[in-house]
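The structure under discussion appears below in the form of structure tokens.
The values are calculated or read from the model by the stated rules, or taken from the named source; none is laboratory data. Predicted model, so just to flag it, every value in this text is computed and none were measured. Heads up, the Cβs are rebuilt from the backbone with ideal geometry, glycines too, and the neighbour counts pull from every protein chain shown.
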Amino acid sequence: MAEIDAAGRSAREVNAAIRKLIAESSTDITVLNPAARHNLAVAILHGVHIRIAGSAGYYCGGLGDGASIEIEGSAGWGLAESMLSGTVVVHGNAGSGAAAALRNGSVIVYGDAAARLGVSMKGGEVIVAGNCGYMAGFMAQKGTLIVCGDAGDAFADSMYATVCYVGGKIASLGTDAVLSALDPAEIERLEASLSAHLPPAVRRSKPAAADFKKVIAGRKLWNFDKREWRTWQEAL
Amino acid sequence: MAELQTSGIFAPGVIEDIQAKAESGLYSIRGFGTLRERRWATFDDLTFLPCSLTRIPLEGYREKCSTKTVLGTRFAKKPIELDIPIMITGMSWGALSFNAKVALAKGAASAGSSNTTGDGGMLRAERDNSRTLIYEVLPSRYGINIHHMREADAIELTIGQGAKPGTGGLLLGSKVSDRIAEQRDLPIGVDQRSPARHPDFLGPDDMIIKVEELREATDWQVPIFIKMGASRVYDDVKLAAKAGADVIVVDGMEGGTGASPAIFQEHTGIPTLAAVCEARLALEDIGLYGEVQLIIAGGIRDGVDAAKAMALGADACYIGTASLIALNCNKPIYEDDYRAIGAAPHACHHCHTGRCPVGITTQDPELMNRLDIDQGAERVRNLLRAMTLEIQMLARSCGKSNIHHLEPEDLAALTLEASAVCGIPLAGTRKVFGK
């Protein structure tokens, strides 16, 4: 396993060191003393495992394709934004806009996520073991968004085809967000996903898959209709 | 019988607009850009002051006058080098047809210029036919792909556009075909309303980190542009420069659009002439004029507009609508099809319908095939070349051996407003009005 000590080095230097190790065929890289630097492990395009031994700032794992990134602390805004494939796991909490514009792959947060979780996501899977802030799933287009705890206000506002699951309470549904029933096959898939991505102890502390609420788009905002004027007036 | 009089307040167009809203319950949506009669100061309110005795002209058709344009010299390892200062602005595949996007790429490449992706990601054929491709990162992030970004020659972080600053794009369901839906990860046929804000940053301080991310993602090789619709230009340009932009693009209110609420096109933002003046002043005041390059966009029609923008401080100009007109937009052909959508040649702003009679702003294969890619590319190339020749002629007449040497002193204002906006004397006086 290769190690990079980030102490006293800029994000640019740390990322250059990561790329150099990848070019030298390292597949398992640890970044020590990350000190919540922004832009760590941005645009990693190889199937390597990168362990951030602490917290990361904005955009950690952003614009990636194929890497497995593990953040042992918390992460700032825009975690794994626009990722094409790969897995990003955060042991702590995630800041606003986690998994923003995610195209595919998995983003897993063991703690809580702040506002606009999964905003404009276009695919992939987002799992938050704790709670999430307001406007999670705003304008989300495809993929699956799972919150095991409570969801904040305006949840799943103005969505297209993303499917959301919430294990706890939803403070309020966003415009055009509607509750929907889970079928048995869906419950099975949800359980499989939670079991696969969360540590057993964390999974056990969360609600059973059958008890999750499912939220999808009511499709009233997909095409303008004067009969739905009030919905459009209130659309964020 | 006395002639019947219409109201100046409730003019026929106003009556039609009210009755259309009464029918639909929706604001009016259309394409093209502002249709208002321009009563504000424009480039037409300026005139060049060619050489006579105080300055010596270059031979108009013979002596060399460089048009080489270099953008992104501030931080990027590989600034872009263009043969000419007229570039094709970002217009999405979705708003435009495949044939239009590829024709623009080929035309720009053959003229030694650049083209830009747009709010729908990159087309492979677009990259393959471009010489210099600018990849737009927009709030919607439709089709965003790191591999495409790394193939680009510059990245443009778009905050807004001139036709509709402060709001996101629109693509009505008639244009969200199966291919466009797949490219954008949307359901087929939705009235797609793009976000106005980026999903992962909000203000100018966060944007500093975003710009650094884009540089990391592209190994600090290519220039980072920041594009904005012209509203509070003086302050916004300073913030964009502080965020680390190599190049700032300011898009004035005369800018075009494939679709947006008509009220935005008519009543938001400031004119392109005012925008270039504010942008230059902002860069001068923070000591970055010349170090951060400035691109001006919004209703640039010909080499005259471009030359005036450059004299006032722009390093280059984007064209959008003019390049579509080169592709036959509003040309009197297929006239029955114009009439079928309630338009007419020279009076068509129906890009939003997806029924473009000349195959430019449509996803209908039959309509799109009316635009031949190679013929279209040739017309775009010819337009870019002709505009460049116009700029050179004006520059030579002002004694410049390089078009980038055009300066405010080469201009006089024809109206009080233009004098006040541009800070240059009114013709016939030695006064700058408002000073």
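Given the criteria among the aliphatic types (A, V, I, L, M) and more than 10 Å from the chain's Cα centre (by Cα), does A:MET159 qualify? Steps first, answer last, please.
Numbers: among the aliphatic types (A, V, I, L, M): yes; more than 10 Å from the chain's Cα centre (by Cα): yes.
It is true that A:MET159 is among the aliphatic types (A, V, I, L, M) and more than 10 Å from the chain's Cα centre (by Cα).
Consider A:ALA177 carefully, then state whether it is within 14 Å of another protein chain (Cβ to nearest Cβ) and modelled with pLDDT of 95 or more. Walk me through how you get there before you give the answer.
Details: within 14 Å of another protein chain (Cβ to nearest Cβ): no; modelled with pLDDT of 95 or more: yes.
When the stated conditions are applied, A:ALA177 does not pass them.
Just to be sure, is B:LEU214 within 25 Å of the chain's Cα centre (by Cα) and facing chain A (nearest Cβ under 9 Å)? First the steps, then the outcome.
Working: within 25 Å of the chain's Cα centre (by Cα): yes; facing chain A (nearest Cβ under 9 Å): yes.
Judged against the criteria, B:LEU214 is a match.
Answer yes or no as to whether A:THR30 is surrounded by fewer than 19 Cβ atoms within 10 Å (Cβ to Cβ), assigned to a strand (DSSP E or B) and modelled with pLDDT of 95 or more. Can you show your working first?
On the way: surrounded by fewer than 19 Cβ atoms within 10 Å (Cβ to Cβ): yes; assigned to a strand (DSSP E or B): yes; modelled with pLDDT of 95 or more: yes.
Against the criterion (surrounded by fewer than 19 Cβ atoms within 10 Å (Cβ to Cβ), assigned to a strand (DSSP E or B) and modelled with pLDDT of 95 or more), A:THR30 qualifies.
For the stretch B:179-231, which residues satisfy the criterion of being among the basic types (Lys, Arg) and in a helix (DSSP H, G or I)? Spell out the reasoning first.
First, pick out the residues of the stretch B:179-231 that are among the basic types (Lys, Arg): B:179, B:184, B:193, B:197, B:210, B:215, B:227.
Across the stretch B:179-231, the qualifying residues are B:ARG179, B:ARG184, B:LYS210, B:ARG215.
Name the single residue that is farthest from B:ASP83 (Cα to Cα) among those in the stretch B:122-150 being crowded, with 24+ Cβ neighbours inside 10 Å and of a type in the set (Gly, Ala, Ser).
That would be B:SER140.
Considering only the stretch B:397-430, state which residues are surrounded by fewer than 22 Cβ atoms within 10 Å (Cβ to Cβ), modelled with pLDDT of 95 or more and assigned to a loop (DSSP other than H, G, I, E, B). Steps first, answer last, please.
Initial filter on the stretch B:397-430 (surrounded by fewer than 22 Cβ atoms within 10 Å (Cβ to Cβ)): B:397, B:399, B:401-402, B:404-405, B:407-409, B:412, B:414-417, B:420, B:423, B:425-430.
Those left that are additionally modelled with pLDDT of 95 or more: B:397, B:399, B:401-402, B:404-405, B:407-409, B:412, B:414-417, B:420, B:423, B:425-429.
B:GLY399, B:SER401, B:GLU407, B:LEU414, B:THR415, B:GLY423, B:PRO425, B:ALA427, B:GLY428, B:THR429 - these are the residues of the stretch B:397-430 that are surrounded by fewer than 22 Cβ atoms within 10 Å (Cβ to Cβ), modelled with pLDDT of 95 or more and assigned to a loop (DSSP other than H, G, I, E, B).
Which residues, counting only those in the stretch B:301-350, are at pLDDT 95 or above and in contact with a Ser or Thr (Cβ under 7 Å, 6 or more places away or on another chain)?
Scanning the stretch B:301-350 gives B:GLY303, B:ASP315, B:ALA316, B:TYR318, B:ILE319, B:GLY320.
How many residues does the stretch B:304-322 contain that are part of a helix (DSSP H, G or I), of a type in the set (Gly, Ala, Ser) and more than 23 Å from B:GLY423 (Cβ to Cβ)?
Restricting attention to the stretch B:304-322, the residues satisfying the condition of being part of a helix (DSSP H, G or I) are B:304-311, B:321-322.
Subset that is of a type in the set (Gly, Ala, Ser): B:306-307, B:309, B:311, B:322.
Those still in the list that are more than 23 Å from B:GLY423 (Cβ to Cβ) too: B:322.
Of the residues in that region, 1 qualify.
Evaluate the stretch B:160-169: report whether one residue or more is within 12 Å of chain A (Cβ to nearest Cβ) and surrounded by fewer than 23 Cβ atoms within 10 Å (Cβ to Cβ). First the steps, then the outcome.
To start, the set of residues in the stretch B:160-169 that are within 12 Å of chain A (Cβ to nearest Cβ) comprises B:168.
Cutting the leftovers down to surrounded by fewer than 23 Cβ atoms within 10 Å (Cβ to Cβ) gives us B:168.
Yes, the stretch B:160-169 has at least one match.
Here is a list of conditions, (1) within 13 Å of chain A (Cβ to nearest Cβ); (2) part of a strand (DSSP E or B); (3) hydrophobic (A, V, I, L, M, F, W, C), and B:ILE248 meets all of them except one; can you say which number that is?
In the conditions (1) within 13 Å of chain A (Cβ to nearest Cβ); (2) part of a strand (DSSP E or B); (3) hydrophobic (A, V, I, L, M, F, W, C), B:ILE248 misses (1) alone.
Test of understanding: among A:SER106, A:SER96, which residue is over 27 Å from A:ALA201 (Cβ atoms) and hydroxyl-bearing (Ser, Thr, Tyr)?
Numbers: A:SER106 fails: over 27 Å from A:ALA201 (Cβ atoms).
So the residue among A:SER106, A:SER96 that is over 27 Å from A:ALA201 (Cβ atoms) and hydroxyl-bearing (Ser, Thr, Tyr) is A:SER96.
For the stretch B:130-151, which positions are touching a residue at least 40 places away in the same chain (Cβ under 8 Å) and either of a type in the set (S, T, N, Q) or within 13 Å of another protein chain (Cβ to nearest Cβ) (or both)? It would help to see each step written out before you state the result.
Initially, the stretch B:130-151 is screened for residues touching a residue at least 40 places away in the same chain (Cβ under 8 Å), giving B:132, B:134, B:136-143, B:146, B:149-150.
Result: B:THR132, B:VAL137, B:LEU138, B:PRO139, B:SER140, B:ARG141, B:TYR142, B:GLY143, B:ILE146, B:MET149, B:ARG150.
Just the residues that are among the β-branched types (Val, Ile, Thr), closer than 18 Å to A:GLY57 by Cα and more than 14 Å from chain B (Cβ to nearest Cβ), please, taken from the stretch A:96-127. Can you show your working first?
Narrowing the stretch A:96-127 to residues among the β-branched types (Val, Ile, Thr): A:107-109, A:119, A:126-127.
Now restrict to residues that are closer than 18 Å to A:GLY57 by Cα: A:107-109.
Of everything in the stretch A:96-127, those that are among the β-branched types (Val, Ile, Thr), closer than 18 Å to A:GLY57 by Cα and more than 14 Å from chain B (Cβ to nearest Cβ) turn out to be A:ILE108, A:VAL109.
Could you say whether any residue in the stretch B:50-62 is touching a residue at least 12 places away in the same chain (Cβ under 8 Å), away from every other protein chain (no Cβ under 14 Å) and either buried (at least 21 other Cβ atoms within 10 Å of the Cβ) or outside any loop (DSSP other than H, G, I, E, B) (or both)?
No, because not a single residue in the stretch B:50-62 is touching a residue at least 12 places away in the same chain (Cβ under 8 Å), away from every other protein chain (no Cβ under 14 Å) and either buried (at least 21 other Cβ atoms within 10 Å of the Cβ) or outside any loop (DSSP other than H, G, I, E, B) (or both).
Specify the residue that is farthest from the other protein chains (Cβ to nearest Cβ); the eligible residues are those in the stretch B:15-36 that are touching a Phe, Trp or Tyr at 6+ places or on another chain (Cβ under 9 Å) and small (Gly, Ala, Ser).
Going through the qualifying residues, I end up with B:SER24.
So which residues in the stretch B:403-426 are of a type in the set (A, V, I, L, M) and touching a Cys at 6+ places or on another chain (Cβ under 8 Å), if there are any at all? Walk me through how you get there before you give the answer.
Step one: list which residues in the stretch B:403-426 are of a type in the set (A, V, I, L, M), which gives B:403, B:406, B:411-414, B:416, B:418, B:420-421, B:424, B:426.
Hits for the stretch B:403-426 are B:ILE403, B:LEU406, B:LEU411, B:ALA413, B:VAL421.
One line per residue, one yes/no per condition, for (1) out of contact with any Lys or Arg (no Cβ under 9 Å at 6 or more places or on another chain); (2) on the phi < 0 side of the Ramachandran plot; (3) not in a helix (DSSP H, G or I):
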{"residue": "B:ILE333", "(1), (2), (3)": "no, yes, yes"}
{"residue": "B:CYS348", "(1), (2), (3)": "yes, yes, yes"}
{"residue": "B:ALA386", "(1), (2), (3)": "yes, yes, no"}
{"residue": "B:ALA395", "(1), (2), (3)": "yes, yes, no"}
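Scan the stretch A:33-50 for residues that are farther than 15 Å from A:GLY8 by Cα and surrounded by fewer than 20 Cβ atoms within 10 Å (Cβ to Cβ) and jot them down.
First, pick out the residues of the stretch A:33-50 that are farther than 15 Å from A:GLY8 by Cα: A:39, A:41-50.
Those that are farther than 15 Å from A:GLY8 by Cα and surrounded by fewer than 20 Cβ atoms within 10 Å (Cβ to Cβ): A:LEU45, A:HIS46, A:GLY47, A:HIS49.
Mind counting the residues in the stretch A:32-52 that are more than 14 Å from chain B (Cβ to nearest Cβ) and farther than 18 Å from A:MET83 by Cβ?
Here the count works out to 4.
Hey, could you check the stretch A:53-66 for residues that are surrounded by fewer than 24 Cβ atoms within 10 Å (Cβ to Cβ) and assigned to a loop (DSSP other than H, G, I, E, B) and say which is farthest from the other protein chains (Cβ to nearest Cβ)? Show your work before the answer.
First, the residues of the stretch A:53-66 that are surrounded by fewer than 24 Cβ atoms within 10 Å (Cβ to Cβ): A:53-55, A:57, A:65-66.
Checking which are assigned to a loop (DSSP other than H, G, I, E, B) leaves us with A:54-55, A:57.
On the way: A:GLY54: 18, A:SER55: 15, A:GLY57: 7 Å.
Out of the qualifying residues, it is A:GLY54.
Can you tell me which residues in the stretch A:207-236 are among the small types (Gly, Ala, Ser) and at pLDDT below 65?
The first filter runs over the stretch A:207-236 and keeps only residues among the small types (Gly, Ala, Ser), leaving A:208-210, A:217-218, A:235.
Listed by number, the list holds a single entry, A:ALA235.
Give the residue that is nearest to the chain's Cα centre (by Cα), with candidates limited to residues of the stretch A:1-24 that are away from chain B (no Cβ under 13 Å) and assigned to a loop (DSSP other than H, G, I, E, B).
A:ALA6
Within 16 Å of B:LYS101 (Cα to Cα), of a type in the set (S, T, N, Q) and in contact (Cβ under 8 Å) with a residue 60 or more places away in the chain - does that describe any residue in the stretch B:342-361?
Residues of the stretch B:342-361 within 16 Å of B:LYS101 (Cα to Cα): B:351, B:354, B:356, B:358-361.
Restricting the remaining residues to those that are of a type in the set (S, T, N, Q) gives B:361.
Checking the rest, the ones that are also in contact (Cβ under 8 Å) with a residue 60 or more places away in the chain come to B:361.
Yes.
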